[in-house]
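Here is the structure we will look at, set down as structure tokens.
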Number of protein chains: 2
Amino acid sequence: MGSGRREIEVMANLLSSNDIQAEVNRAHFRKNNCLAINVIGSPGAGKTTLLEKSLPLLKDELHVGVIEGDIFTSKDADRISVHQIPVIQINTGGGCHLDSKMVSKVLPQYDWKALNLMIIENVGNLVCPADFDLGEAFKVIVLSIVEGDDKPSKYPVIFRNAKAVVLNKMDLEKLTDVNMETMKQDIRAINPGIAIFEVSCRNGSGLKEWTSWLTQEVKAYQRIN
Amino acid sequence: MGSGRREIEVMANLLSSNDIQAEVNRAHFRKNNCLAINVIGSPGAGKTTLLEKSLPLLKDELHVGVIEGDIFTSKDADRISVHQIPVIQINTGGGCHLDSKMVSKVLPQYDWKALNLMIIENVGNLVCPADFDLGEAFKVIVLSIVEGDDKPSKYPVIFRNAKAVVLNKMDLEKLTDVNMETMKQDIRAINPGIAIFEVSCRNGSGLKEWTSWLTQEVKAYQRIN
């Protein structure tokens, strides 16, 4: 029991230190009238590809910056940088999630006058990032439907804490055993208010709905701010 | 820096306490002449489905037990139990990986005279489980090829530490942009000796090679033991 108890206490301490910095980050985003979102999903859910496909649709109305979180490599930032938007890679060096301090360290490197949407792509992990507030306005889940319709009920914490979920790789629906109704029902049972988008980054379906929603969210944030 | 340093020290403490119990578990498996493997992969990589499809092929020659690790729900254990083999579910209650202590607690519930292969399915996570020795003989990765060919280089730690990788969902290869040669080259660059199996749990391809290899591993373990 001793070791278990100690682990929980340390977690509580880390979270509270993380939460304090998250509030500082949140105030920074608010001051700069920039909506920040924290994009979370398993490895290979399609987070980076969703950004690549969304940026051209967002660029007409918004000025977007990106923070790329990864354990190792700058592959994701390299992919985003061709879109000629400001992007910084954070490598956690083995760590399984971004935390608010890592994010705070890169914030001074952006020109905040020129941004109204900051997309933070977290490390590929459906578990640990759910517990770490980065100071974002809200979390967005990217879930590949190929992962299976049981994922929402098996990973409920992240679904409870997110404002939207992008169900990606819809082009593969017919080739898998996934039951989309079960999946969506389970998501709504956990979080009735969550926005659900069915998207294929491969054939482009659903991307317009997702990017329009995100654009409206930026406008609503700026009106309230 | 203070918080970062503290986190690393705590991790080292947890790991060493985990490692001690892992050695106790390993001695237990050795004493009972039972090969234990630690199966690791992202959510939806197909770990449980691989077990479901492998068990009928393993049952002729081996006596298999299963430990199912999950954050919440007993869905995976329910799926395995229909195969009439001993299975126990460990719910981590939010924790992102199994540890050796969790495993040790369920070991007394098995009839060890009747087992020669214990399959431990870890929590769906390609990051954290890599750092926690459960006392297994070796780790096996299950990777859905739909996750993309960049995953080995982005998650090298687990590929470095595993004896085999099952590349699953091969039936979807033609429908994705995955480059199988790149993926396999990257895996071998990280771990030249790793055994690679290309499998489709959906159409059954590659399952025989994987289960034959695993059966041979059990026999080799028992000869050395």
### Message
Give me the helices (runs of 4 or more DSSP H) completely within region A:36-116, filtered to those with at least 3 residues that are over 27 Å from B:I158 (Cα atoms), ordered by residue number.
### Response
A:47-58, A:100-106
### Query
strands (runs of 3 or more DSSP E) wholly in region A:117-225 with at least 1 residues that are within 14 Å of chain B (Cβ to nearest Cβ) and β-branched (V, I, T) - which ones?
A:138-144, A:162-168
### Task
Could you tell me which residue of region B:49-60 is farthest from the other protein chains (Cβ to nearest Cβ), considering only residues that are surrounded by fewer than 24 Cβ atoms within 10 Å (Cβ to Cβ) and either touching a helix residue (DSSP H, G or I) at 6+ places or on another chain (Cβ under 6 Å) or touching a residue at least 40 places away in the same chain (Cβ under 8 Å) (or both)?
B:L58
### Query
Within region A:69-78, is even one residue more than 9 Å from chain B (Cβ to nearest Cβ), of a type in the set (G, A, S) and free of Cβ contacts under 8 Å to residues at least 24 places away in the same chain?
yes
### Summary
The lone condition B:A114 fails out of (1) surrounded by fewer than 20 Cβ atoms within 10 Å (Cβ to Cβ); (2) under 25 Å from B:K219 (Cα atoms); (3) of a type outside the set (F, W, Y); (4) within 14 Å of chain A (Cβ to nearest Cβ) is (4)
### Query
Does A:N179 satisfy the criteria of being touching an Asp or Glu at 6+ places or on another chain (Cβ under 7 Å) and either β-branched (V, I, T) or under 17 Å from B:P43 (Cβ atoms) (or both)?
yes
### Task
Would you be able to tell me the number of residues in region B:99-138 that are under 12 Å from the mean Cα position of the chain (by Cα), in contact (Cβ under 8 Å) with a residue 60 or more places away in the chain and within 15 Å of B:E68 (Cα to Cα)?
10
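Read the figures in this text as sums done on the coordinates, not as results from a lab. Given the structure is predicted, the values throughout are model-derived calculations rather than measurements. Every residue, glycine as well, gets a Cβ built from its backbone with ideal geometry; the counts of neighbours run over all protein chains shown.
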